[in-house]
Structure formats: structure tokens, C-alpha cells
1. Output the 0 to 90 degree angle, nearest 10, between the alpha-carbon long axis of helix 137-151 and the longest principal axis computed from the alpha carbons of the chain.
2. Rounded to the nearest 0.05, what FRET efficiency do E128 and T149 give with R0 = 22 Å and r taken as the Cβ-Cβ distance? Could you check?
3. Within the P(r) computed for the chain, what percentage of the Cα pairs occupies the region above 18 Å?
4. Please compute one quarter of the surface area of the Cα convex hull for the range 2-75 and express it in square nanometres.
5. Summing Lys, Arg as +1 and Asp, Glu as -1, what charge do residues with Cβ under 15 Å from the Cβ of E91 carry, E91 excluded?
6. Can you tell which of T72, T60, T34 shows the greatest fluctuation in a Gaussian network model of the chain with Cα springs below 10 Å?
7. For the chain, what is the accessible area per residue in Å² when the probe is 1.4 Å?
8. In this model, which of K81/K145; K9/K124; K9/K142; K81/K131; K69/K142 are farther than 25 Å apart at the alpha-carbon?
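The values are calculated or read from the model by the stated rules, or taken from the named source; none is laboratory data. Computed from a prediction, not measured in an experiment: that's the story for all the values here. Cβ atoms come from the backbone with ideal geometry, glycine included; neighbour counts cover every protein chain shown. Ligands, DNA and RNA are stripped out before the accessible areas are found, and what is left, the full protein with its side chains, is counted by its heavy atoms. Shrake-Rupley method; radii C 1.70, N 1.55, O 1.52, S 1.80 Å.
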Amino acid sequence: MVTLRINGKAHIVNVPPDMPLLWALRDVIGLTGTKFGCGMALCGACTVHLDGQPIRSCVTPVSDAAGHKVVTLAGLGTPDKPHPLQTAYVEEQVPQCGYCINGWIMTAAAFLAEKKKPSEAEIKQALEGLKCRCGTHVSILKAVKRAATMMG
Ligand code: FES
Ligand code: FES
């Protein structure tokens, strides 16, 4: 049994401690906004926040998350009170298939929480390595810049 604190709520899950956090989030708890992409810490689709830092949940065992604060895309904002990045994504009409959204937004959210008024170069560096197979990178950059302005 492992107790996970996710989006402000405690979940007691009966899983092996070495199970990837991603599996527990998606298959046991049902938080499917966190995506499986590569399973090898390469694409960022599975990103969640662990004590405010972005981590790749596909290679993080649940035992590493126990006792820590986990935030997923579902916990970042609500339909009534979306995170500025969620608002900016809608306003810039970013998504195509949408599969990559989790990785970009969770990574950018952790970055913007620490860095006010970032330059374009700093944003690009923070998001380095993330993938969008639909090629929406220009729109993503616009949305992150818009959110940065909203948060600035
Ligand atoms: S699924 Fe975790 S980094 Fe790709
Ligand atoms: S919108 Fe399809 S992978 Fe990014």
C-alpha cells in the first residue's frame, strides 16, 4: 500500500512500490490527462509536478512520490478557474490532436511559477526536449508567452 497526495487529495493505492507513478495515476486513480508517450523519460508527455518540480512520471516509482505533493494537469486549474496556461492554450487555439498538451503545460507551469517575465530564449530553453508530433510549436510558444504576460 502506498499513500499518494495528488491534487490535494490522499489516495491509498495497492500497488508495488516500484510501479511507475504514471501507471498509478492513469490506471489505478483514473487521472488520464497525464499521458504515456515513450516510457523512457524522453518526450515529457507524462510530466507531473512533485513538490512543484516537473518530473517524468513514467520513470518515477510511486515510492518516490509517497509523502510528497503531486499535481497533475487536472489539478492545475478548473473549468471555472483555469490556469493562465490553460486559458492561453484555448485563446491561441493550440491543440491539434492534443496528446502533447500535458507535457508542455505542466513543464511551462513549473517554469513560469519560478520565472516572471521570461525571455523567448528562456522559454525555449525551459521547454527543450518536449515533442509535438502535430507541429504546433509556434502556437505553443505564443501561448506560453501569453500566459507569462497574464502571470507577470
Ligand atoms: S512518457 Fe514519460 S517522458 Fe515520454
Ligand atoms: S497537438 Fe498533437 S502531438 Fe501536439
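1. The helix 137-151 is inclined about 90 degrees to the chain.
2. Efficiency, from the Cβ-Cβ distance: 0.55.
3. Tail fraction, whole percent: 55.
4. Over all viewing directions, the range 2-75 projects a mean Cα-hull area of 4.0 nm².
5. Taking every Cβ under 15 Å from that of E91, the sum is +2.
6. With Cα springs under 10 Å in the chain, the top fluctuation among T72, T60, T34 is at T60.
7. Numbers: 7940 Å² over 152 residues.
That works out to 52 Å² per residue.
8. Over 25 Å Cα-Cα: K9/K124; K9/K142; K81/K131; K69/K142.
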